[in-house]
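Chemist: Before we start, here is the structure in question, set down as structure tokens.
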Amino acid sequence: DDEERGALGMHYTSVPNILKVLNPLFLDDLRARLDEAGDNPRMLLNLRKRMSRIRVFDPACGSGNFLVIAYKQMREIEAEINKRRSEPDRRSEIPLTNFRGIELRSFPAEIARLALIIAEYQCDVLYRGQKEALRDFLPLDAENWITCGNALRLDWLSICPPTGTGVKHRADDLFHTPLDQSQIDFENEGGETYICGNPPYQGSREQLPEQKEDLARIFEGRTARWKALD
């Protein structure tokens, strides 16, 4: 709950507020295309293919709420497509690795990865049944496509490139520790990338020296009043 997340130092955004971002960003459009497709098999198939290539990227993902909600909402739309195409038991074509995040701290970053895995299982139970969900759930994959590092110092295109499957981490995090994570390819090539999130803001007078240094690296020489930014 919110109190437990606060004790762990996690920044939390509620589901209604997350949907205020995700719906107008791209979910409303997917639902509109679903309504437009009706029961047309070809239009439904094209929409399903489009969704399988969508990438959602949260550069300050915390424990992954934006990514999880985006995934669940897309699975709901996909399930309706499968139902209309008389394929209700079809395995999802929306890969978890299309949901990328950056998180400064290792513990929430790991929670984000596990939260997405659990979300996949929950959706499989809901849309495909308990037996099929359990069959595909274990063993858990050890790969982690949520990057632990400082989003203000990392090359976002190295983590969530718009094209190409090679994902290479070239930068160091805030504490100058090399990122020790595997290169993970996208399962479905191409498609759209949506950047979303709600990074924690801290008043200019409350920032740590490291946070001031982040601001200097980005804004110094570009704007006169960067020290007052939060």
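The values are calculated or read from the model by the stated rules, or taken from the named source; none is laboratory data. The model shown is predicted, which means the values in this text are computed figures rather than measured ones. Every residue, glycine as well, gets a Cβ built from its backbone with ideal geometry; the counts of neighbours run over all protein chains shown. Surface areas here come from the heavy atoms of the whole protein model, side chains and all, with no ligands, DNA or RNA. Shrake-Rupley method; radii C 1.70, N 1.55, O 1.52, S 1.80 Å.
Chemist: Only one of E78, E87, E36 is in contact with a helix residue (DSSP H, G or I) (Cβ under 8 Å, 6 or more places away or on another chain), open to solvent by 20 Å² or more (accessible area, probe 1.4 Å) and either closer than 25 Å to P162 by Cβ or not small (G, A, S) (or both); which?
Modeler: After applying the criteria, what remains is E36.
Chemist: Same structure, new question: Looking only at the stretch 42-58, count every residue that is open to solvent by less than 10 Å² (accessible area, probe 1.4 Å), of a type in the set (A, V, I, L, M, F, W, C) and out of contact with any Lys or Arg (no Cβ under 7 Å at 6 or more places or on another chain) and tell me the total.
Modeler: Qualifying residue count, the stretch 42-58: 3.
Chemist: Could you tell me how many of the residues in the stretch 93-106 are open to solvent by 60 Å² or more (accessible area, probe 1.4 Å) and of a type in the set (A, V, I, L, M)?
Modeler: Result for the stretch 93-106: 1.
Chemist: Could you give every pair whose Cβ atoms fall below 6 Å, whose first residue belongs to the stretch 205-230 and is farther than 14 Å from N150 by Cα and among the aliphatic types (A, V, I, L, M), and whose second residue is assigned to a loop (DSSP other than H, G, I, E, B) and open to solvent by less than 100 Å² (accessible area, probe 1.4 Å), counting only separations of at least 6 or pairs across chains?
Modeler: Within 6 Å, the pairs are A228/S204.
Chemist: Just name the residue that is most open to solvent (accessible area, probe 1.4 Å) out of those in the stretch 183-219 that are under 16 Å from D155 (Cα atoms) and modelled with pLDDT under 75.
Modeler: Result: Q183.
Chemist: Considering only residues that are in contact (Cβ under 8 Å) with a residue 24 or more places away in the chain and within 18 Å of I94 (Cβ to Cβ), which ones fall in the stretch 20-31?
Modeler: L22, L25, F26, L27, L30, R31
Chemist: Since D124 meets every condition but one in (1) assigned to a loop (DSSP other than H, G, I, E, B); (2) acidic (D, E); (3) closer than 18 Å to Q73 by Cα, which condition does it not meet?
Modeler: Unmet condition: (1).
Chemist: Of the residues R153, R222, which is loosely packed, with under 11 Cβ neighbours inside 10 Å and modelled with pLDDT of 70 or more?
Modeler: R222
Chemist: Pairs please, first residue from the stretch 107-129 and crowded, with 19+ Cβ neighbours inside 10 Å, second anywhere and among the charged types (D, E, K, R) and at pLDDT below 90, Cβ atoms under 6 Å, 6+ apart in sequence or on different chains.
Modeler: Close Cβ pairs (under 6 Å, with a partner that is among the charged types (D, E, K, R) and at pLDDT below 90) amount to R128/D89.
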